[in-house]
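Worksheet for the structure shown next.
No value in this document is a laboratory result; all are computed from the given coordinates. All figures in this text were calculated on a predicted structure; none of them were measured in a lab. Cβ sites come from the backbone with ideal geometry, for glycine too, and all protein chains shown count toward neighbours.
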Amino acid sequence: MTEPTALLPKGFDELAPFIAEWGSLETQDERYIRRQSLSMERLQAYYDAVQPRLGAIFDHLDSFPYGPALPEPEALLFRVVLAMSEVAQAVEVYGQPTVPHAPANHSVTIRVPNRA
Amino acid sequence: MNKELSDWNKYWGHAWKPVPDVERIDAADYTSPEVFEREKDRIFRKAWLMVARQSEVAEPGDFIKIEAPTLDTEVVIVRGKDGVIRSFYNACPHRGVALVRQCEGRTGLFTCPYHAWSFSTDGKLKGLPGAEDFPHVDKSTTGLTPIHTGVWNDYIFINFAETPKQTLAEYMGEFGEYFDDMPFGEYTRAVEIIQDLPTNWKNFNDAFNEGYHVQVLHPKSLPMVPTRINPLNHMYDPIYLAPHSSATIQSNTDWVPTGKVMLFVYASTGVSFIHVDGPEEQAAKPRLFTTARGINRIGLPNYSTSTMNFFPLSQFQILADRYMWLRYWPLSPDKTRFIVRMYFGAPPRSHLEEFAEAFQLASTRDVFTEDVSMTRLQQQGMKSGGVKEVVLGENEHMIRFTTQMIRDYMNAED
């Protein structure tokens, strides 16, 4: 079995411990639900590892053309870093995984309509 | 600190007196099936309803199919060859089939999937197979049933009345004139959240028309709004142009963001979701909406957002990086389809911009989640029978105003 670290772009190996939790999620709602299911310790560990690398991560990702054709290592890195859109709300805003007063396992679909 | 800002207190809403004297509302108005049926007939079948944006049917032949779920009705909105936007009930005059099945498209002809009756984009019957068997059908007077349709600014409105009491221009009135230079069309990227929620539709109007709750309900998510001199977040400069209304909201320029990811997003994209800059910085980077005449006419130095209520079911919230179009379609006394459509300036052009948008969307969803949670708990309490009426403060004047508009519609002569 291939080590998961092999899948991330070179130089971002230290983010491998977060692939299992975030690497396969495709939508904002999946990330929101995952955020609610993790402990603050796990969310904080992700935050502490990824936040200092944000600049480097996007410098790397944006050295590729924007669109669906990212190479798989970069696509994986992008999925992992998009988790920060949710984790930051838990760590920087609420100090807890969930939104106060929200129902358990709260799900909210966010979509881009075909016609704007 | 901003000592001179207290000069603006005179623009707080309760200093204004055209607010109707609505101190209490019967809890039954939020729970009763009879009231709900009357609201459907008296309000939703009579008022003009903001339902779509012109850009959704930009070219001749472009159509969209939308729902008016309050009235169990699908509506087809189509731009004709002549450029005119029309709306029709999605119902074939032959035997009633909801003939348009796509949510959007471009066509010159709508064809019913049952017997292939076909209709041009102006709704007229163009063809029917075996016409000789329908000698009693006059093609020139048969077609899709039209719904009154009008356009204000970039927005399409429909009216289900057979003969609306007012044209759309009359309905929009001075409010429409005041905001007719708002550049909605410049915002081309739409992102949408749709939720069916167990609460009465009026709870949404109420939730988004007072600032009183912000410090209590959103202490962590909206610290950039209430200020030391306005901790209860009175809304400024309410504009009441019946049945619509608008108000202005401040930002807390004492607030200093500390979240490193939030700072990263703001720094790398140059924009936050509300104006957190002081007046000099705001002046140095004017944004599209701040040039419109209806925005911040009082010159509030720490202007952040504006709200605009289009009676009965729509609200705009004008933010620094986007505007949000809220709709609350009643489904039953206890259920509402809550739609938040956000229009950003442009789609993301880089991975960084996509990340920044995702961050803003998560943050916005969380704030709405706090609001929505209260509307759900309100319904729970009202249904329990434990309160016979709810009480409104003078600072909840915008709720009072819309409640009076609702009463006027409910009690109007036919």
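A few notes on this one:
- Measuring between their Cα centroids, the range B:106-140 and the range B:166-190 lie 35 Å from each other.
- Our estimate of slack between B:GLU104 and B:HIS136, defined as 0.36 nm per intervening residue step minus the Cα-Cα distance, is 8.2 nm.
- FRET efficiency, B:THR291 to B:GLN166 (Cβ-Cβ, R0 25 Å, nearest 0.05): 0.25
- Free-standing Cys residues across chain B, given no other cysteine C-beta under 4.7 angstrom: B:CYS103
- In this structure, B:GLU177 and B:VAL391 have a Cβ-Cβ separation that, at R0 = 35 Å, corresponds to a calculated FRET efficiency of about 0.50.
- Longest exposed-site-free window of chain B, the sites being GluC sites (Glu not before Pro) in a DSSP loop that have at most 14 other C-beta atoms within 10 Å: B:163-412
- Summed residue charge, Cβ within 13 Å of B:ASP371's Cβ, Lys/Arg positive, Asp/Glu negative: -2
- Here r is the Cβ-Cβ distance between B:LEU241 and A:PHE64 and R0 is 51 Å; the resulting FRET efficiency, rounded to 0.05, is 0.50.
- When the helices of chain A are scored as -39500 (n - 2.57) per DSSP H run of n ≥ 4 and the total is divided over every residue, the value at 222 nm lands at -11500 deg cm²/dmol.
- Mean-square fluctuations from a GNM of chain A, with a 10 angstrom spring cutoff on Cα atoms, peak among A:GLU92, A:GLU30, A:GLU74 at A:GLU92.
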